[in-house]
Amino acid sequence: MSLLEIRDLKVCYGGIVALNGISFDVEEHEIVTLIGANGAGKSTTLRAIMGLIPIAGGTIMYRGEKLNGLDTQKIVGKGVVLVPEGRRVFPNLTTLENLRLGAYLQKDKAVIEANLERVYGLFPRLKERHWQHAGTLSGGEQQMLAVGRALMADPKLIMMDEPSLGLAPLVVKEIFSIIRKVNEAGVTVLLIEQNANVALKTANRGYVLETGTVSMTGPGRALLEDEQIRVAYLGKTR
Amino acid sequence: MSITTILQHSLTGISLGGAYGLIAIGYTLVYGILRLINFAHGDIFMMAGYFMIFSLASFPWPIAIGITLLITVLMGIAIERVAYKPLRSSPRMSIMISAIGVSYLLQNLATYLFTAIPRGYPEIPLLKRIFRVGELSASLVTLLTPVLTIVLVALLMILVNKTKTGMAMRAASKDFETAKLMGININRVITVTFAIGSLLAGIGSILYFTDRMSVTPFSGTLPGLKCFVAAVFGGIGNIPGAVIGGFFIGIVETLLVALGYSTFSDAFTFVLLIVMLLVKPTGLFGEKTMEKV
Ligand SMILES: Nc1ncnc2c1ncn2[C@@H]1O[C@H](COP(=O)(O)OP(=O)(O)OP(=O)(O)O)[C@@H](O)[C@H]1O
Ligand SMILES: [Mg+2]
């Protein structure tokens, strides 16, 4: 049994088909990446898994349980979290409040404090800035906060929607090294990236999404070598 | 006009303003979360007036107050569930129109049930007890209203800024979807918001009508509009702003009446609205419209 099994997932916006029956698996402790061009349906996939948008067909199984139809907060309660596209930190809340919100469903104060220390360990910068309104953080800091906030929930599966978007190469490197660290600590990662190069290097396996269908799959390194992918997503010429 | 008279009127104005402030909070809270102007809020305040009339007919006043507030809160929550929740993802205009519909519905329901003849508002003797300082005199309710308003606002600010529920409310006011991703139950946050708004409208109603003597099905309309203006004046979405707006309108209105301009006292509110929208649309303490991302 895979940690996450997506079967024949369909999503429509109004009459427009965004996902036309995609299937993929994420095994426990893996890093899996979905790559694809703009509008391929990557964000739609993650939003459907989180129950933010209704699905038109298919199933989303997590540890053998059906997720589709559940409210978002129930899904979060099962240990599935999303770092949304565009960071979406709460600008009117402080860094610390944002982090505490990440642990909203955690009742045990001691666990929350322990998680907070762990996140501060990964992102010392957030500790320095804990009093600052998140809206005034830099883009990189906001992304760290978005990831840290998701980790506060102590997730089993963390999904990230383009965590490297708009960040300087050095910050991208930092974020990805954190992703690996988090994964080594036992958290399964489902990663969406425009930056297919880094994503495929980091991931155990990858899926290529093309206008609502999965067109290719394989180990990250293999996809990285693939001629078609090199041309389409890595900007290499033949 | 003598100093005593001015002070006397100011006292009345401050008290009226306190009641306005409590009602204005309801507008501002609901707007903050749903970006909805809850046009039915003034009518909830009016209904609370009737609830008090009927519960005080059968129960001693402390219990009657409890019953009135409870029913008012339940009504506020029910209105949101029935009339607003199904429209939450519709264009904002739909839910606004629904709110106007609920407002008329409540007025007509009250007319049907209680007739349009003004009903005497019962007196709670304790609240009506007169205090004198020198030549000034005021009933307990006049003195109590502003104090209670400030205490309630302080409690509300603590709730919003220091508790987990408050944090969830602030998060939801910026971004529903991301709030959901934190595990926040948005429906619960909205219910709590309507409950608080209705509770304060209920308290405001008791304080306001105790000084006014009677209730009609239309008693909520004008105070409702004025409190909406108070909320806009203070910067809609901003809690202390709404209260300051309430005090300001209550005081100016009372002083205008005292000066013999009673015909203009209501118009003043709306002049204030227009001027405010022209000069500083975000209100006194409103934040720059940060788009909901
Ligand atoms: N709310 C919406 N209403 C209508 N169509 C939508 C909506 N959200 C997404 N779509 C459409 O669904 C398709 C998939 O969008 P999605 O956001 O999932 O793409 P993506 O792969 O994440 O792209 P990007 O890399 O640019 O973020 C697109 O054609 C998009 O226009
Ligand atoms: Mg996307």
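When you restrict to C-alpha pairs under 8 Å that are six or more residues apart and normalise by the size of segment A:4-233, the relative contact order lands at 28 percent.
The calculated 222 nm mean residue ellipticity attributable to helices in chain A amounts to -10500 deg cm²/dmol, summing -39500 (n - 2.57) over DSSP H runs of n ≥ 4 and dividing by all residues. Of all aspartates and glutamates in the structure, the ones whose alpha carbon falls short of 16 Å from that of residue B:85, not counting any fewer than 8 places away in one chain, are A:71, B:177. The HN-Hα couplings worked out from phi for segment B:234-245 by the Karplus form 6.51 cos²θ - 1.76 cosθ + 1.60 (θ = phi - 60°) are x, x, 4, x, 9, 5, x, x, 4, 5, 4, x Hz, whole numbers, x standing for Gly and Pro.
How many Cβ atoms of partner chains, on average, are near each residue of B:181-194 if near means within 10 Å of its Cβ?
5
Computed about the Cα centre, the dipole magnitude for segment B:3-279 is approximately 700 debye when only Lys and Arg (+1) and Asp and Glu (-1) carry charge, each at its Cβ. Could you list, in their original order, any pairs among A:10/A:66; A:66/A:109; A:173/B:180; A:181/A:201; A:78/A:127 whose Cα atoms are separated by more than 21 Å? Cα-Cα > 21 Å for A:66/A:109; A:173/B:180; A:78/A:127; rest within. The Cα center of segment A:13-77 and the Cα center of segment B:37-52 differ in position by 44 Å.
Given +1 at the Cβ of Lys and Arg, -1 at the Cβ of Asp and Glu and no other charges, the dipole of segment A:4-233 around its Cα centre is 440 debye to the nearest 20. With respect to chain B, whose longest principal axis is taken over its alpha-carbon atoms, helix B:186-210 is tilted by about 10°. Helix-only arithmetic for chain B: the sum of -39500 (n - 2.57) across DSSP H runs with n ≥ 4, divided by the residue total, places the mean residue ellipticity at 222 nm at -24500 deg cm²/dmol. Between the amide H of residue A:29 and those of A:188, distances stay under 5 Å, these residues lying 5 or more places away or on another chain, with hydrogens modeled in the peptide plane.
Compactness ratio for chain B: Cα radius of gyration over 2.2 N^0.38 Å (N = residue count) comes to 0.99.
For a straight C-alpha distance cut-off of 13 angstrom, the aspartates and glutamates reachable from residue B:162 (same-chain residues fewer than eight places away being disregarded) are A:97. Dipole orientation for the protein assembly as shown: of the candidates B:229, A:58, B:171, B:171 has the Cα lying most toward the positive pole (charges on Cβ; Lys, Arg +1; Asp, Glu -1).
Close amide H pairs (under 5 Å, H built 1.01 Å from N) link residue A:210 with A:215, residues at least 5 positions away or on another chain.
Pairs of alpha-carbon atoms within less than 8 angstrom and 6+ residues apart define the contacts here; what relative contact order does chain B have, in percent? Result for chain B is 36 percent. Charge dipole of segment B:123-276 (Cα centre as origin; +1 on each Lys and Arg Cβ, -1 on each Asp and Glu Cβ, all else neutral): 500 debye, rounded to the nearest 20. Considering only B:147, B:190, B:215, and ranking their Cα positions along the charge dipole of segment B:144-219 that arises from unit charges at the beta-carbon of Lys, Arg, Asp and Glu, the one farthest toward the positive end is B:190.
Each of B:55, A:224, A:38 was scored by the projection of its Cα onto the charge dipole of the protein assembly as shown, and the greatest displacement toward the positive side belongs to B:55; charges sit on the C-beta of Lys, Arg, Asp and Glu. 3J(HN,Hα) couplings calculated from phi for segment B:111-116 with the Karplus curve 6.51 cos²θ - 1.76 cosθ + 1.60 (θ = phi - 60°) are, in sequence order, 4, 5, 6, 10, 6, 8 Hz; Gly and Pro show x.
Since every read-out is calculated from the coordinates, none of them should be taken as a lab result. Since this is a predicted model, take the numbers as computed values, not measurements. FYI the Cβ positions are ideal-geometry reconstructions off the backbone, even for glycines, and counts take in every protein chain you see.
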